[in-house]
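The values are calculated or read from the model by the stated rules, or taken from the named source; none is laboratory data. Source: prediction; values computed, not measured. Here the Cβ positions follow ideal geometry from the backbone for every residue, glycine too, while neighbour counts run over all protein chains shown. These accessible areas exclude ligands, DNA and RNA; they are computed on the full protein's heavy atoms, side chains included. Shrake-Rupley method; radii C 1.70, N 1.55, O 1.52, S 1.80 Å.
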Amino acid sequence: QVIANTSPSKKPMACWRGICKRGTTGAYSGDDIDAAGLQAMDGSRWVIPSPSPAYDVARDLQQKEQEKENLLKSNKMPTELKQEMQQWRQQILEMDAKEQKEKSQPSKDSCPYEFNVIDEGNSSQQPEPGETVKMGYILVLKEDGAVLDQCMNFEHQVGATCRGGGQVLAAALDWGLTQMRRGEVATISSRLQHLLPAAAPSLELHGSEAQAVLEVRLFEIYCTKDCSFIKGSGIVMKEVVRQGVGAWCDRPTDEGFVHIVIEEVRYFATRDGESGKDSGCRLFPMAGSSPTEAKVAVGDGHLCDALEAAILEMQQHETAIVTCSNPSMCTGGVVFAGLDIPANGVISIRVTLLDYNVGPDVWSFDEEHRLTFAQRRKLEAARLFAEGRFHLARERYHQITDLFHHVNRDKLKERFDGKPELLQECKDLRKACHLNIAACSIKLHDGKTAKKYTDIVLLADPENTKALYRRGQAHIQMEDYVEACNDLAQLLDVDSSLEEAQQLLEKATRLRERSDRRQKKSFKYGRMIDNMRRDPRSIVHNYMDTPVDLPGVEGAPISARWTPKKVAAIEGPQIVA
């Protein structure tokens, strides 16, 4: 039976599961049972199961922990363990002492330069390896102030410039420039052997241990940025000569007005300005003339394509050198109308943005006003296409398609609720711009881009004649004559009255046959393939009859359109099964 403990002082239970260790019958100790609990039991006896085996495991772990604590308190460790711990402690102390000694006495391999700022810069930007800076420096002896070398205004490329034998080492200049900001003046103090090359006359005259001070002034950092219409192509590069003012996002926009000054236009045979027949030829301004100022609208073609791309990345009062590796993008516009631009080479334009007015914020328009704006820009793009300005025209069409990126997305179609005619008109405008992008790409011999946008149109309209025709042209430019013949054959199935498609199909067929003959000559097993083709047991397919699998349309099997052709038997003994 369970006996209640009515004493006021209760002892804590020694059992971790609430079962008394002293009991052998499995009864509770009664510490947690009060008188009310005894009355509720009505004098009945509880049958409690024996403790779980996990109890023994927990007890053993508790005993081991207690033994460890007693061992640590009594400091009765094994002798081997004590020796190992003493050795580890001694090694740690020695390493700490060695580190403190190295800090107090720096080694000879530490940095030999001492850098001090005299005048703080006016920008947070610092030069990076590969960038070009405009700078000046003067090197004087610390003892008597004698000038050893000076260069007050020149351009230096950080990390990639070799200097003269008597001039300051490029490594010393680069070390200081990477810590400086635009407009900053700083000094670099060191021994002459770390500032001048070994063959410098000043080093032999004053000795390698003489102390000298190098004063460096950083005027400008030329930042280079890719401003091409197709980012990453590197066709149009902008190098900042003088930084502009304002936030990084304060730039001209489409249909805004800009006031610029075109200071100089030069032609180079290569991008690096290497020697050539007309390398470094000045095209504008000519002798006796002055730089040209222009107030034009952005995106209307008043500037050449290269400047139209670069002006969108400039800030107010910024001066930049725009380098274009495609001279065809430097023709056209009011400013460059009379210039004789060579067909090959690199064109360099120095331009300054004096002021600008931002254009309309199109992304805040509703769909009706956005459609009106897009139709107006589409007319400008059509005019540029007619003038042969294919780069700028393609960019205008790209911007129009971006305005209606949401017409095929279910989550964003809510803007067109109750306006089905507006939705269809926006879709038609976007499809027309996709086709025009393909047309511009074909004119620029960019078949890959043309195929990309015609595929978008054919995915929604598999029988679109313009898309099939222009994809056939793109396949011909990509030298994929089989696919070109398939597209043009399908186009004639849709509309057989198109004479241009018939002529292009004949051209593609001739090119395919010529390509087959050329490949046949270089094919190692051509004779074996010819013999297999003449064998009556071979099944010969005409790949022109192969059905085309359009996106979303399941093609018919080859066996449904193939009929066996009669082939003359080959000479020689026949094999009988």
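Does segment 172-181 contain at least one residue that is open to solvent by 50 Å² or more (accessible area, probe 1.4 Å), part of a helix (DSSP H, G or I) and at pLDDT 90 or above? Checking segment 172-181: at least one residue is open to solvent by 50 Å² or more (accessible area, probe 1.4 Å), part of a helix (DSSP H, G or I) and at pLDDT 90 or above. A search for C-beta distances below 9 Å between a residue of segment 112-128 that is closer than 11 Å to Gln179 by Cβ and at pLDDT below 85 and any residue that is open to solvent by less than 70 Å² (accessible area, probe 1.4 Å) and among the acidic types (Asp, Glu), counting only pairs 6+ apart in sequence or on different chains, returns Gly121/Glu184. Looking at the structure I just gave you, is Lys451 open to solvent by 100 Å² or more (accessible area, probe 1.4 Å) and closer than 30 Å to Lys427 by Cβ? Taking the combined requirement at face value, the residue does not satisfy it.
Looking across segment 417-429 at every residue that is in contact (Cβ under 8 Å) with a residue 24 or more places away in the chain and of a type outside the set (A, V, I, L, M, F, W, C), the one that is surrounded by the most Cβ atoms within 10 Å (Cβ to Cβ) is identified as Glu425. Taken over segment 251-266, residues that are farther than 20 Å from Glu155 by Cβ, open to solvent by 30 Å² or more (accessible area, probe 1.4 Å) and either touching a strand residue (DSSP E or B) at 6+ places or on another chain (Cβ under 7 Å) or free of Cβ contacts under 8 Å to residues at least 60 places away in the same chain (or both) amount to 3.
Looking at this structure, is Arg396 open to solvent by 50 Å² or more (accessible area, probe 1.4 Å), in contact (Cβ under 8 Å) with a residue 24 or more places away in the chain and either within 30 Å of Tyr267 (Cα to Cα) or hydroxyl-bearing (Ser, Thr, Tyr) (or both)? For Arg396, the condition - open to solvent by 50 Å² or more (accessible area, probe 1.4 Å), in contact (Cβ under 8 Å) with a residue 24 or more places away in the chain and either within 30 Å of Tyr267 (Cα to Cα) or hydroxyl-bearing (Ser, Thr, Tyr) (or both) - is not met.
Do we have Ala432 as of a type in the set (Gly, Ala, Ser), in contact (Cβ under 8 Å) with a residue 40 or more places away in the chain and open to solvent by 20 Å² or more (accessible area, probe 1.4 Å) here? So Ala432 passes the test. Residues in segment 133-144: is at least one open to solvent by less than 30 Å² (accessible area, probe 1.4 Å) and either of a type in the set (Asp, Glu) or part of a helix (DSSP H, G or I) (or both)? Checking segment 133-144: not a single residue is open to solvent by less than 30 Å² (accessible area, probe 1.4 Å) and either of a type in the set (Asp, Glu) or part of a helix (DSSP H, G or I) (or both).
Figure legend. Inter-residue proximity from segment 436-460: first residues free of Cβ contacts under 8 Å to residues at least 60 places away in the same chain, second residues outside any helix (DSSP H, G or I), beta-carbon distance below 6 Å, spacing 6+ or different chains. Indicated pairs: Gly447/Met478; Val457/Asn464.
Here Ile230 clears all of (1) more than 23 Å from the chain's Cα centre (by Cα); (2) of a type in the set (A, V, I, L, M); (3) at pLDDT below 90 except the condition numbered (1). You will find that of Arg430, Arg409, Arg377, Arg394, the residue that is under 28 Å from the mean Cα position of the chain (by Cα) and either hydroxyl-bearing (Ser, Thr, Tyr) or closer than 26 Å to Cys324 by Cα (or both) is Arg394 and no other. Of the residues in segment 340-365, how many are open to solvent by less than 70 Å² (accessible area, probe 1.4 Å), out of contact with any Cys (no Cβ under 8 Å at 6 or more places or on another chain) and not in a strand (DSSP E or B)? Residues that pass the stated criteria total 6. Annotation: Thr319 fulfils all but one of (1) within 25 Å of Glu255 (Cβ to Cβ); (2) open to solvent by 10 Å² or more (accessible area, probe 1.4 Å); the unmet one is (2). Does any residue in segment 301-319 that is under 18 Å from Phe385 (Cβ atoms) come within less than 7 Å, Cβ to Cβ, of a residue that is of a type in the set (A, V, I, L, M) and open to solvent by 10 Å² or more (accessible area, probe 1.4 Å) six or more places away or on a different chain, and which pairs are these? Between residues of segment 301-319 that are under 18 Å from Phe385 (Cβ atoms) and residues that are of a type in the set (A, V, I, L, M) and open to solvent by 10 Å² or more (accessible area, probe 1.4 Å), the close pairs are His302/Val296; His302/Val334; Leu303/Val296; Leu303/Val335. With a requirement of 1 or more residues that are aliphatic (A, V, I, L, M), touching a residue at least 12 places away in the same chain (Cβ under 8 Å) and open to solvent by less than 60 Å² (accessible area, probe 1.4 Å), the strands (runs of 3 or more DSSP E) lying completely within segment 205-250 that satisfy it span 211-222, 236-242. Taking the listed residues Glu387, Glu380, the one that is among the acidic types (Asp, Glu), touching a helix residue (DSSP H, G or I) at 6+ places or on another chain (Cβ under 9 Å) and open to solvent by less than 70 Å² (accessible area, probe 1.4 Å) is Glu380, with no other qualifying. Residues of segment 414-452 that are among the hydrophobic types (A, V, I, L, M, F, W, C) and more than 22 Å from Phe385 (Cβ to Cβ): Phe416, Leu422, Leu423. If you check Ala337, Ala343, Ala297, Ala374 for being out of contact with any Lys or Arg (no Cβ under 8 Å at 6 or more places or on another chain), over 17 Å from Phe229 (Cα atoms) and without any contact (Cβ under 8 Å) to a residue 12 or more places away in the chain, only one passes: Ala337.
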